Amino acid sequence: MSDEEIEKAITQEMDEYFESFINTIDTNKFNIRELYKLLDVEIVDFTYELVTYASKALDTEFDSKILFVLAFHINALIERVKKNKPIINQELSTIKKKPIKKRI
């Protein structure tokens with residue numbers, strides 16, 4: 001298996017795991033205080049500001065899970081950059097083809 005194929009397989013496994021994990025989040029029990037216990041304050045604050053801005057700019061209400069998911073994605077991105085690891089999204093072409101409403 002090539003490095004690219006391995007990366008794609010890992011990415012797919014992670015996507016499936018996060019998808020199943022996200023579906024288990026009880027938004028009635030989860031709140032931003034819990035997120036502060038798991039991630040750096042700067043990441044949570046930045047993510048909150050980003051989601052708030054996007055919500056206003058797009059005139060749409062996001063599911064409360066978006067803050068949780070996006071904060072973890074941003075955290076993972078920062079960790080990859082710190083370690084000089086490549087940032088590859090094997091699904092980028094698929095994502096670009098989806099209508100915007102389905103991406104949100």
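Out of residues 5 or more away from residue 64 or on other chains, whose amide H comes under 5 Å of its own, with H placed 1.01 Å from N in the peptide plane?
Counting only residues 5 or more places away or on other chains, the set is empty.
Can you tell me which of 60-68, 74-82 comes out highest on packing, and rank the rest after it, using the mean Cβ neighbours within 10 Å?
Ranking, from highest mean packing down: 60-68, 74-82.
Quick one: net charge of residue 78's neighbours, Cβ under 15 Å, K/R +1, D/E -1?
My count for the surroundings of residue 78 gives 0.
Readers should treat all values here as calculations from the given coordinates under stated rules, not as data from a laboratory. Computed from a predicted model, the values in this text were never measured in an experiment. Here the Cβ is made from the backbone with ideal geometry for all residues, glycine too, and neighbour counts use every protein chain on show.
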